[in-house]
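Q: Here's a structure for you.
The values are calculated or read from the model by the stated rules, or taken from the named source; none is laboratory data. Given the structure is predicted, the values throughout are model-derived calculations rather than measurements. Glycine also receives a Cβ, built like all others from the backbone with ideal geometry; neighbour counts cover every protein chain displayed. Heads up: the accessible areas ignore ligands, DNA and RNA and are worked out on the full protein's heavy atoms, side chains in. Shrake-Rupley method; radii C 1.70, N 1.55, O 1.52, S 1.80 Å.
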Amino acid sequence: MTRKLIVLTDPGQDQAAALLMILGAPQAFEVLGLVATAGNIDLGYTITNCLKVLELAGRSDIPVFAGCPEPMTRRLVTAEHVHGPTGLDGPDLPEPTTAPAAGHGVDFIVDTLRQAESGTVTICSLSPLTNLAMALVKAPDIAPRIREIVAMAGAYFEVGNITPSAEFNVYVDPEAARIVLDAGIPTTLLPLDVTHEMLSTRSRLDAMRALGNRCGVATAEMLEFSEAFDLEKYGWDGAPLHGPCVPAFMLEPDIFTGRSINVSVETRGQLTEGMTVADWWGITDRPKNAFWVRHGNSDRYYSLLNSCLANLP
Ligand code: RIB
């Protein structure tokens, strides 16, 4: 059955790959709209990058809504050091010829969930959770209407990437992550614990480029830009590819393994703010509020990604 998706995203090369993976699986996903989030780069760039990726895939029919320009309570922290000054450095993509849709991304989330049949819309989150949390605060009635949240967020066994204890998407807006995880909505998290197993090795990037279509080649070029920071940092034979883990889980969940646990967010720690405290061993009696994906099969992951990219222009 086709999943209706609202996609929260701040592309970011890895998220562009995730968006293209989603668009390459039209039999599985109906994308109702993208909500551009402030995160990897400022909101202006994430809006532009959403439009660029949709045009690359020939899907400018999908609306892009501007979300909040800042996290709920904190100053925005960005990641140009990874993604470059535009957030989508690598391929020379043309400036978009389309514009964002009218209206705020938070209102798009609220209105779409109120109008759709309850339990039919999935929130596909690739970014900080600011706009979903704002929607839940503004309209608590939407929480039970969400089919599930599938999000790239958090880290525990792999520790942090933007600080020693926090993953970027949660670190940018920990209050938002706490609100979302406390909302009682069926939630699956794809943390660094699993995304760090999905390495874009040279041979995998070569296979992506060898697809020969513009989306396959552009994705390889994007990842060849953004990998530099992680290759230097981790010394691995490839950079972790975070974003596509979200659509991959929805397409083929048996690629992955995990368990339902409690995940709590540190919002006040001096050294640990933004940390996702994953009660993997069930030590506390806190509610099991998330399915925490711990491992995945990277060969199947990249094969699935390429099969989706191959369906695009
Ligand atoms: O921590 C990794 C995630 O944060 C990636 O999705 C990257 O795009 C940034 O949003």
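Q: Is there any pair linking a residue in the stretch 155-177 that is closer than 22 Å to residue 295 by Cβ and acidic (Asp, Glu) to one that is more than 10 Å from the ligand (Cβ to nearest atom) and assigned to a helix (DSSP H, G or I), with Cβ under 9 Å and at least six apart or on different chains, and which?
A: Correct list of pairs: 158/193; 158/194.
Q: Which fully enclosed strands (runs of 3 or more DSSP E) of the stretch 21-138 have 1 or more residues being closer than 19 Å to residue 151 by Cβ, within 14 Å of the ligand (Cβ to nearest atom) and open to solvent by less than 40 Å² (accessible area, probe 1.4 Å)? Quick ask: steps written out before the conclusion?
A: Numbers: elements: 29-36, 64-66, 121-125.
Answer list for the stretch 21-138: 29-36, 121-125.
Q: Additional query: Keeping to the stretch 212-248, report how many residues are within 16 Å of the ligand (Cβ to nearest atom), touching a residue at least 24 places away in the same chain (Cβ under 8 Å), hydrophobic (A, V, I, L, M, F, W, C) and surrounded by fewer than 24 Cβ atoms within 10 Å (Cβ to Cβ).
A: Residues meeting the conditions: 4.
Q: For the stretch 166-188, which residues satisfy the criterion of being among the charged types (D, E, K, R), within 16 Å of the ligand (Cβ to nearest atom) and closer than 18 Å to residue 261 by Cβ? It would help to see each step written out before you state the result.
A: To start, the set of residues in the stretch 166-188 that are among the charged types (D, E, K, R) comprises 167, 173, 175, 178, 182.
Now drop any that are not within 16 Å of the ligand (Cβ to nearest atom), which leaves 167, 173.
Within the stretch 166-188, just 167 meets the criteria.
Q: Sticking with this one: Which one of these is outside any loop (DSSP other than H, G, I, E, B), farther than 27 Å from residue 30 by Cα and of a type outside the set (Val, Ile, Thr): 227, 221, 273? Give the derivation first.
A: Numbers: 221 fails: farther than 27 Å from residue 30 by Cα; 273 fails: outside any loop (DSSP other than H, G, I, E, B).
It is 227.
Q: Go through the stretch 281-313 and give me each residue that's surrounded by 16 or more Cβ atoms within 10 Å (Cβ to Cβ) and among the hydrophobic types (A, V, I, L, M, F, W, C).
A: Within the stretch 281-313, 290, 291, 292, 293, 304, 305, 308, 309, 312 qualify.
Q: Does the stretch 198-229 hold any residues that are farther than 27 Å from residue 55 by Cβ and within 19 Å of the chain's Cα centre (by Cα), and which are they? Walk me through how you get there before you give the answer.
A: Just the residues of the stretch 198-229 that are farther than 27 Å from residue 55 by Cβ, to begin with: 199, 201-203.
Within the stretch 198-229, 199 is the sole residue that qualifies.
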